[in-house]
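Participant: My questions all concern the structure below.
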Amino acid sequence: MTTTNEVTLSFEIFPPKNDTAADTLGRTLAELAPVPASFLSVTSGASGSAARATAEQALAYGDALGGVPPRPHLTCVQASRGEMEELVGACLDVGIDRFVAIRGDAPPDQPVYTPRPDGFAYADDMTRALKAWGARDVAVGAYPEVHPDAADPAHCLDVLERKVDAGADRILTQYCFDTDQVLRWADAVRDAGIELPIGIGVMPVHNYAQIKRFSDRCGAGVPRWLTEALGDLEPGSSLAMERAADIAAEQCRKLVRNGLTHLHLYTLNRSALTLAILRRLEAGPEACRWAA
């Protein structure tokens, strides 16, 4: 007998840096528009005098995805409190009231993260301010694996609890290729009494070497089996794409089977691999359908 699992999807993009990249993103959003996503998260570093333009651009991205609510990323490292309040105000003025609040990585010239004196120290501080400024929904980050700056999993859980206490409405995780680790982490979160909705970050591997470098910087593990499956394949080849789609789809199925039904897909501003994953999830005895 065929069973159908209802899954909530969200997508993540980053602002393009040139006209060619902007054209690629435009095509990606158009191709993903038929999929009923719950929101579109937009990584961002702009603020201050560019606040209005940043807000309007995020709104345009959501419109291009079929009117999906955009959710700009706000980081503690990107702006002063005053600049951040200006950016949030500009977003609220154009109807954006959902955000992602994260600490952010230390700048390249900082060997260790140091809070900027005119800004927010950590994401819980920012979350509290966002809610006071009128944000309707604030998502906060979490690491199924130990954050590079954390002492241990207990420290990570304590940080998450502080963000929840500050008013967070939902959790979005860093990607993690070890699905069993994600499930253990989710059990620990629930055991701690945190009942917020959780979106699990899923990273399709477009280019193994790039993902390996990025994972090394952000503290995400790269299992040996992933290296064996993708490490020797030509990026973008049909075999690499097929295998990467199979790997991501299987992770998604396992997450859904275990009750983690909000999948947050990192698109990397490209649609082909994301759509290949979704087609796989729509097929077979564990078929998923997308919640509106």
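Participant: Considering 180, 109, 158, 125, which residue is in a loop (DSSP other than H, G, I, E, B), surrounded by fewer than 22 Cβ atoms within 10 Å (Cβ to Cβ) and out of contact with any Leu (no Cβ under 6 Å at 6 or more places or on another chain)?
Facilitator: It is 109.
Participant: While we're on this one: Looking for something exposed (fewer than 15 other Cβ atoms within 10 Å of the Cβ) and either among the aliphatic types (A, V, I, L, M) or within 17 Å of the chain's Cα centre (by Cα) (or both) - is there at least one such residue anywhere in the stretch 60-77?
Facilitator: Yes: the stretch 60-77 contains one or more residues that are exposed (fewer than 15 other Cβ atoms within 10 Å of the Cβ) and either among the aliphatic types (A, V, I, L, M) or within 17 Å of the chain's Cα centre (by Cα) (or both).
Participant: Can you say whether residue 39 is surrounded by 21 or more Cβ atoms within 10 Å (Cβ to Cβ), modelled with pLDDT of 95 or more and either in contact with a Pro (Cβ under 7 Å, 6 or more places away or on another chain) or among the basic types (Lys, Arg) (or both), as far as the supplied structure shows?
Facilitator: Spelling it out, residue 39 is indeed surrounded by 21 or more Cβ atoms within 10 Å (Cβ to Cβ), modelled with pLDDT of 95 or more and either in contact with a Pro (Cβ under 7 Å, 6 or more places away or on another chain) or among the basic types (Lys, Arg) (or both).
Participant: If only one of 92, 29 is among the hydrophobic types (A, V, I, L, M, F, W, C), at pLDDT 90 or above and touching a strand residue (DSSP E or B) at 6+ places or on another chain (Cβ under 9 Å), which one is it?
Facilitator: On inspection, the qualifying residue turns out to be 29.
Participant: Do we find a residue being on the phi > 0 side of the Ramachandran plot and of a type outside the set (Ser, Thr, Tyr) anywhere in the stretch 197-214?
Facilitator: No, the stretch 197-214 has no match at all.
Participant: Same structure again: Condition (residue is at pLDDT below 95, in a helix (DSSP H, G or I) and either over 28 Å from residue 156 (Cβ atoms) or among the acidic types (Asp, Glu) (or both)) applied to the stretch 223-237: is it met by at least one residue?
Facilitator: So far as the stretch 223-237 goes, no, none of its residues is at pLDDT below 95, in a helix (DSSP H, G or I) and either over 28 Å from residue 156 (Cβ atoms) or among the acidic types (Asp, Glu) (or both).
Participant: Read through the list (1) part of a loop (DSSP other than H, G, I, E, B); (2) within 15 Å of the chain's Cα centre (by Cα); (3) within 16 Å of residue 102 (Cα to Cα), then give the number of the only condition that residue 199 fails.
Facilitator: (1)
Participant: Before we move on, is residue 89 at positive phi and either part of a helix (DSSP H, G or I) or within 15 Å of the chain's Cα centre (by Cα) (or both)?
Facilitator: no
Participant: May I pose another question? From the list 283, 249, which one is of a type in the set (A, V, I, L, M) and within 28 Å of residue 140 (Cα to Cα)?
Facilitator: 249 is the lone residue from the list that is of a type in the set (A, V, I, L, M) and within 28 Å of residue 140 (Cα to Cα).
Participant: Among the numbered criteria (1) in contact with a helix residue (DSSP H, G or I) (Cβ under 7 Å, 6 or more places away or on another chain); (2) within 25 Å of residue 187 (Cα to Cα); (3) outside any loop (DSSP other than H, G, I, E, B); (4) not acidic (Asp, Glu), which one does residue 146 miss?
Facilitator: (3)
Participant: While we're looking at this one, here's another question. Mind listing whichever residues of the stretch 248-283 are in a helix (DSSP H, G or I) and either among the β-branched types (Val, Ile, Thr) or modelled with pLDDT under 95 (or both)?
Facilitator: 256, 274, 277
Participant: Which residue pairs have Cβ atoms under 8 Å apart, sit 6 or more places apart or on different chains, and have a first residue in the stretch 232-249 that is of a type in the set (Asp, Glu) and a second that is modelled with pLDDT of 95 or more?
Facilitator: Taking only residues 6 or more apart or on different chains, the pairs are 234/240; 242/276; 246/280.
Participant: Can you find a residue in the stretch 128-142 that is modelled with pLDDT of 90 or more, farther than 25 Å from residue 198 by Cβ and in a helix (DSSP H, G or I)?
Facilitator: The answer is no; no qualifying residue exists.
Participant: Right, another one. Do we find that residue 54 is in contact with a Pro (Cβ under 8 Å, 6 or more places away or on another chain), under 25 Å from residue 106 (Cβ atoms), assigned to a helix (DSSP H, G or I) and in contact (Cβ under 8 Å) with a residue 24 or more places away in the chain in this structure?
Facilitator: Taking the combined requirement at face value, the residue satisfies it.
Participant: Based on this model, can you work out whether residue 48 counts as more than 29 Å from residue 258 (Cα to Cα), of a type in the set (Gly, Ala, Ser) and modelled with pLDDT under 90?
Facilitator: Answer is yes for this residue.
Participant: Looking at 209, 245 in this structure, which one is part of a helix (DSSP H, G or I) and closer than 18 Å to residue 32 by Cα?
Facilitator: When all the criteria are applied, what remains is 245.
Participant: Which residue, of 217, 243, 224, is surrounded by 12 or more Cβ atoms within 10 Å (Cβ to Cβ) and of a type in the set (Lys, Arg)?
Facilitator: 243
The values are calculated or read from the model by the stated rules, or taken from the named source; none is laboratory data. Please read these numbers as outputs of a predicted model, since none were measured by experiment. FYI the Cβ positions are ideal-geometry reconstructions off the backbone, even for glycines, and counts take in every protein chain you see.
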